[in-house]
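See below for the structure under consideration.
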Ligand code: SF4
């Protein structure tokens, strides 16, 4: 009697086992690849449905425009020199405080020549309540002297020239260019813009220059100053430094910090 395993019957059984093995392999492979494929498609479609930073920035901008339709520079001034001086004074100080100081200041020293030639102590006393008054007085006089002697008594209209004036960095230059001349060279990054843009996930940076560069990438140029002005309004009204009022915030659905901050 022959044992089936050793002969022709044995090879049939081996072939049968081989077929079952191959079927198992095919089953495992086809299912795992299907899963991988489905996973890939799902991830792709998920990432497609999530708005990009640029799309979010545009939505934020459009909500801000609706919320603060009449937003404008809150500093009081008549001439571009006065705008420049008020902006220098607004460093580390509220616009409200600056507006309390400038009427008396501009009544006494209305233009660049009179500010450049003012008695330093008198000037310091007039601006004392805005803080850092010694430094601010020195910068105002230095800037006005340069405007008179090197720029034909006119506030320069380019970023590079403005940056040559004492006490003028990009923030002040952006304000002067935008509100004094309607020129949009960059995004004004003050303390509100810095804090809220970070909370909104439009930048991860702390350096104002890098924040400005990030915002310029996601916002349309005509809205660079619009964004800053309205964010400043939003910072004063809702997204305050210490206690942001996320419950009342119209940007909450677009804000990745809503839970952490609220
Ligand atoms: S949701 Fe909260 S953290 Fe975000 S912008 Fe609004 S107030 Fe600020």
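Is it true that some residue in segment 148-161 is surrounded by 21 or more Cβ atoms within 10 Å (Cβ to Cβ), at pLDDT 95 or above and either more than 16 Å from the ligand (Cβ to nearest atom) or under 15 Å from residue 83 (Cα atoms) (or both)?
Yes, because at least one residue in segment 148-161 is surrounded by 21 or more Cβ atoms within 10 Å (Cβ to Cβ), at pLDDT 95 or above and either more than 16 Å from the ligand (Cβ to nearest atom) or under 15 Å from residue 83 (Cα atoms) (or both).
I need the helices (runs of 4 or more DSSP H) fully contained in segment 85-176, keeping only those with at least 3 residues that are farther than 18 Å from residue 74 by Cβ.
95-108, 112-116, 120-127, 133-150, 159-162
May I ask you to list the residues in segment 194-219 that are part of a loop (DSSP other than H, G, I, E, B), touching a residue at least 12 places away in the same chain (Cβ under 8 Å) and away from the ligand (no atom under 15 Å from the Cβ)?
206, 219
Those residues that are surrounded by 17 or more Cβ atoms within 10 Å (Cβ to Cβ) and within 11 Å of residue 64 (Cβ to Cβ), I need them from segment 240-255; list them, please.
251, 254 - these are the residues of segment 240-255 that are surrounded by 17 or more Cβ atoms within 10 Å (Cβ to Cβ) and within 11 Å of residue 64 (Cβ to Cβ).
Quick one: count up the residues across segment 180-193 that are more than 16 Å from the ligand (Cβ to nearest atom), in a helix (DSSP H, G or I) and touching a helix residue (DSSP H, G or I) at 6+ places or on another chain (Cβ under 6 Å).
Total satisfying the criteria: 1.
Mind checking which pairs have a first residue in segment 242-260 that is over 15 Å from residue 56 (Cα atoms) and in a helix (DSSP H, G or I) and a second that is modelled with pLDDT of 95 or more and within 8 Å of the ligand (Cβ to nearest atom), Cβ under 7 Å, 6 or more apart or different chains?
246/252; 248/238
When you go through (1) touching a helix residue (DSSP H, G or I) at 6+ places or on another chain (Cβ under 6 Å); (2) more than 10 Å from the ligand (Cβ to nearest atom) one by one for residue 222, which number turns out not to apply?
Exception for residue 222: condition (1).
Is it the case that some residue within segment 52-65 is in a loop (DSSP other than H, G, I, E, B) and modelled with pLDDT under 95?
Checking segment 52-65: at least one residue is in a loop (DSSP other than H, G, I, E, B) and modelled with pLDDT under 95.
Checking residue 78 against (1) outside any helix (DSSP H, G or I); (2) without any contact (Cβ under 8 Å) to a residue 12 or more places away in the chain, which test does it fail?
(2)
Could we say that residue 237 is over 17 Å from residue 55 (Cα atoms), at pLDDT 95 or above, surrounded by fewer than 16 Cβ atoms within 10 Å (Cβ to Cβ) and within 13 Å of the ligand (Cβ to nearest atom) here?
yes
Which of the residues belonging to segment 206-225 are closer than 21 Å to residue 244 by Cα and either in contact with a strand residue (DSSP E or B) (Cβ under 8 Å, 6 or more places away or on another chain) or loosely packed, with under 15 Cβ neighbours inside 10 Å (or both)?
206
The values are calculated or read from the model by the stated rules, or taken from the named source; none is laboratory data. Only a predicted model underlies this, so the values are computations on that prediction, with no experimental measurement involved. Ideal geometry is used to build each Cβ from the backbone, glycine not excepted, and the neighbour counts take in all protein chains shown.
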